[in-house]
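Note sheet for the following structure.
The values are calculated or read from the model by the stated rules, or taken from the named source; none is laboratory data. Note that the coordinates shown come from a computational prediction; the quantities given were computed from them, not determined experimentally. Reconstructed Cβ throughout: ideal geometry from the backbone, glycine too, with neighbour counts over all protein chains shown.
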Amino acid sequence: MHTNRSRLAASVLALVAFVALGACSSSSKSSSSSSSTTSSSPSGGGDKAAFCKANSDLDAATANASNPADLQKAFKDNDAKLDEALNTAPDEVKADTEKLVTAAKQVAQTGDVTPFQSDQSLQAAGDHLNTFCGVNSNGSSSAN
């Protein structure tokens with residue numbers, strides 16, 4: 001049974017990493033308010049500081065998820081933050097952000113975390129986002 005538990009822990013870490021990517025599937029044009037002092041760059045370019053802040057906020061929101069139901073709730077509760085991450089994602093991480101956000105939105109709707117347990121590309125995408133923002137998979141700074 002420990003194997004199943006470690007798979008869940010690994011999938012939760014992957015989800016946490018990908019959540020920071022943003023929401024690629026929901027309506028990304030419905031939110032016109034941008035919090036903080038971010039210079040909204042029209043599609044293309046993104047805003048690394050705003051993106052990494054959203055990533056950090058999502059990491060914090062999912063940090064205590066210990067089962068699929070917790071993760072589903074965290075993603076539902078942070079749908080706007082997923083959208084923010086997607087909307088501010090710089091070009092270098094946009095594709096991975098979209099991939100992860102799509103998966104996170106599916107988890108929010110269905111509670112099924114299977115893709116995060118079986119799709120290695122989601123783990124790689126989450127790792128890419130964390131590296132881009134200079135954090136480890138647990139959200140702590142990697143102090144490069």
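Condition check ((1) of a type in the set (Ser, Thr, Tyr); (2) part of a helix (DSSP H, G or I); (3) over 19 Å from residue 46 (Cβ atoms); (4) at pLDDT 95 or above) across all residues:
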{"position": "60", "(1), (2), (3), (4)": "no, yes, yes, no"}
{"position": "84", "(1), (2), (3), (4)": "no, yes, no, yes"}
{"position": "92", "(1), (2), (3), (4)": "no, yes, no, yes"}
{"position": "125", "(1), (2), (3), (4)": "no, yes, no, no"}
{"position": "130", "(1), (2), (3), (4)": "no, yes, no, no"}
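Provide a single number: the residues in region 117-132 that are among the hydrophobic types (A, V, I, L, M, F, W, C) and under 12 Å from the mean Cα position of the chain (by Cα). Give the steps one after another, and end with the answer.
As a first pass, look at region 117-132 and keep what is among the hydrophobic types (A, V, I, L, M, F, W, C): 122, 124-125, 129, 132.
Add one more test, that the residue is under 12 Å from the mean Cα position of the chain (by Cα), and what stays is 122, 125, 129.
Of the residues in region 117-132, 3 are among the hydrophobic types (A, V, I, L, M, F, W, C) and under 12 Å from the mean Cα position of the chain (by Cα).
Filtering region 104-112 for residues that are of a type outside the set (A, V, I, L, M, F, W, C), modelled with pLDDT of 90 or more and under 13 Å from the mean Cα position of the chain (by Cα) leaves a non-empty set.
In this structure, does residue 78 turn out to be surrounded by fewer than 24 Cβ atoms within 10 Å (Cβ to Cβ) and modelled with pLDDT of 95 or more? If you could, list the steps in order and put the result at the bottom.
Details: surrounded by fewer than 24 Cβ atoms within 10 Å (Cβ to Cβ): yes; modelled with pLDDT of 95 or more: yes.
Against the criterion (surrounded by fewer than 24 Cβ atoms within 10 Å (Cβ to Cβ) and modelled with pLDDT of 95 or more), residue 78 qualifies.
Being at pLDDT below 90, over 19 Å from residue 92 (Cβ atoms) and either acidic (Asp, Glu) or in a loop (DSSP other than H, G, I, E, B) (or both) is a property that residue 33 has.
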